[in-house]
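The values are calculated or read from the model by the stated rules, or taken from the named source; none is laboratory data. None of the values given here were measured: they were computed from a predicted structure. Ideal geometry is used to build each Cβ from the backbone, glycine not excepted, and the neighbour counts take in all protein chains shown. Just so you know, the surface numbers come from the protein's heavy atoms only, side chains and all, with ligands and any DNA or RNA stripped out. Shrake-Rupley method; radii C 1.70, N 1.55, O 1.52, S 1.80 Å.
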Amino acid sequence: MQQNLLDWLICPHCRYVETNDGGNGPEYGLSLESGAENCAITGRILTGTLACKHCYTQYPIRHGVPRLLVKQPSQQSEDSQKIQQQISDNFGEAWTQYAEQKAVNPYTKEQFLDWISPLEAHDFTQKTVLEMGSGLGGFTEYAASFGAKMVVGLEISAAVDASASALLEKNPCLSFVQADLLHPPFRTAQWDLVYSIGVLHHLEIPKNGFHQVAALARKEGGQVFIWVYGRENNELVVYIVDPLRKWMSKLPVAFVRWAVAFPLACILWPLLLLFYGPISSKYLPYFDYFRWLRRYGFGYTHGMITDQLIPPRTHYLRQDTLKDWFDSEGVIIDAITPRNKISWRVLGHKP
Ligand SMILES: C[S@@+](CC[C@H](N)C(=O)[O-])C[C@H]1O[C@@H](n2cnc3c(N)ncnc32)[C@H](O)[C@@H]1O
Ligand SMILES: [Zn+2]
């Protein structure tokens, strides 16, 4: 981690316990214990221990990433904690397998810009940026390449280990933390831009995740961006894929990838080639989405099907629900746009 990230971190446990004032005071800061090991070239802290100045909980730093997971997360039921653990395990495993087989960044810059529209590259210049649920860090890397002052990817799963070392070496302004976005290890209202792509809809109560995303953006202009699955136009997925995924997510990820997603991709891919090409009817199901998917080839389609099948829990959110979230957090909506007609991008700012 970068030395200066230390000023931004607080103990997630104390922040959670002291929810009334956001656990925001300086006493919840973390100090670096002696014996830490720094990189001789970049000065980054590679290994060491952080300790809370208030409750003295210790958090390790491994492979340059501070591990700031709270031991007893919230009052979730046991079942719900199990599902959250499964989400983290399945995504961690899927991303790790992906990184072993392919390049570390699964996306192109063009895809990132499409995902975050109407944000553009210049919106990152000299900003402090936090991504909540950064997965393999592909988007985080692009955010860093747009001239941000500092970019941090927060990710709960072992996916951080699959990519962090390689990405940190290449990008001086980038850091990762392993943490739960429901218990973020940051003071509230500090960041210029907080965004979360494809994560909130996997939480038990997505609105609680949005509450944290919004809380971390600074007042007076701090920006908030989210991308989530939409409920509108999504019947096929809701009624066919969703029940399937509840079973699939219980199976080993490698099995789902090769024994289920691969044959499905072999069926879907020729259909995409045949029916979703330049001359196709816009009345076909998932027209925009499949036209988009087709552009990125068979391997990407296979990856997307795998991604659809491994999380045990997914919500599909209506535009009105998202408007309510922004309203209730006092975030003014600047743009709410559909992406491929089956998901929502929402950008807002704090007054
Ligand atoms: C579909 S992936 C999206 C990752 C990345 N934003 C992207 O689009 O490539 C969802 C990610 O959210 C992470 N995640 C799920 N629940 C989380 C939580 N409570 N806190 C932080 N990350 C979480 C998962 O481990 C997974 O890597
Ligand atoms: Zn503490």
Between the range 204-257 and the range 297-351, what's the alpha-carbon centroid distance in Å?
7 Å
If you stretched the chain out fully between His63 and Ile333, how much longer would it get, using 0.36 nm times the residue separation minus the C-alpha to C-alpha distance?
93.4 nm
With all protein chains present, calculate the accessible area of Tyr229 using a 1.4 Å probe and round the result to the nearest 10 Å².
40 Å²
Shape call for the range 24-120 from the C-alpha gyration tensor, a ≥ b ≥ c root eigenvalues: rounded (a/c under 1.5), prolate (a/b greater than b/c) or oblate?
oblate
Among the aspartates and glutamates, which have Cα under 20 Å from the Cα of Lys82 when same-chain residues fewer than 8 positions away are ignored?
Glu93, Glu155, Asp180, Glu204, Asp242, Asp307
Could you pull the Rg and Dmax for the chain, using just the Cα atoms, both in Å?
20.0, 65
How much area per residue is accessible in the chain when the probe is 1.4 Å and only protein heavy atoms are counted (Å²)?
44 Å²
For the chain, what does -39500 (n - 2.57) per DSSP helix run (n ≥ 4), summed and divided by total residues, give at 222 nm, in deg cm²/dmol to the nearest 500?
-10500 deg cm²/dmol
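Could you put Asp123, Asp7 in order of accessible surface area, largest first, with the 1.4 Å probe and the full protein assembly present?
Values: Asp123 35, Asp7 115 Å².
The ordering from most to least exposed comes out as Asp7, Asp123.
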Please work out how much accessible surface Glu93 shows to a 1.4 Å probe, ignoring ligands, DNA and RNA, in Å² rounded to 10.
80 Å²
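Quick check: from the Cα gyration tensor, does the range 269-326 come out rounded (a/c under 1.5), prolate or oblate? Can you show the working numbers first?
Details: a/c = 3.07, a/b = 1.51, b/c = 2.03.
Here the range 269-326 falls in the oblate category.
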Largest to smallest accessible area among Thr42, Thr49 [probe 1.4 Å]
Thr42, Thr49
Given axes a ≥ b ≥ c from the Cα gyration tensor, I'd like to know whether the range 107-156 is rounded (a/c under 1.5), prolate (a/b larger than b/c) or oblate.
oblate
Kindly flag which residue pairs out of Lys102/Lys127; Lys149/Lys323; Lys127/Lys219; Lys53/Lys207; Lys149/Lys350; Lys149/Lys219 have an alpha-carbon separation exceeding 26 Å in this structure.
Lys102/Lys127; Lys149/Lys323; Lys53/Lys207
Max mean-square fluctuation residue, GNM over the chain, Cα-Cα springs under 10 Å, options Gly330, Gly230, Gly222:
Gly330
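Roughly how many percent of the accessible protein surface of the range 149-254 is carbon and sulfur, given a 1.4 Å probe and a whole-percent answer? Working shown, then result.
Working: 2220 of 3780 Å².
Of all accessible area on the range 149-254, carbon and sulfur atoms account for 59 percent.
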FRET efficiency, Ser80 to Ile279 (Cβ-Cβ, R0 51 Å, nearest 0.05):
0.60
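Working with all protein chains in place, sort Ile205, Ile336 by solvent-accessible area computed with a 1.4 Å probe, largest first. Let's see the in-between values first.
Details: Ile205 90, Ile336 40 Å².
Descending order: Ile205, Ile336.
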Most fluctuating residue of Lys71, Lys246, Lys149 in a GNM of the chain with Cα springs under 10 Å: which is it?
Lys71
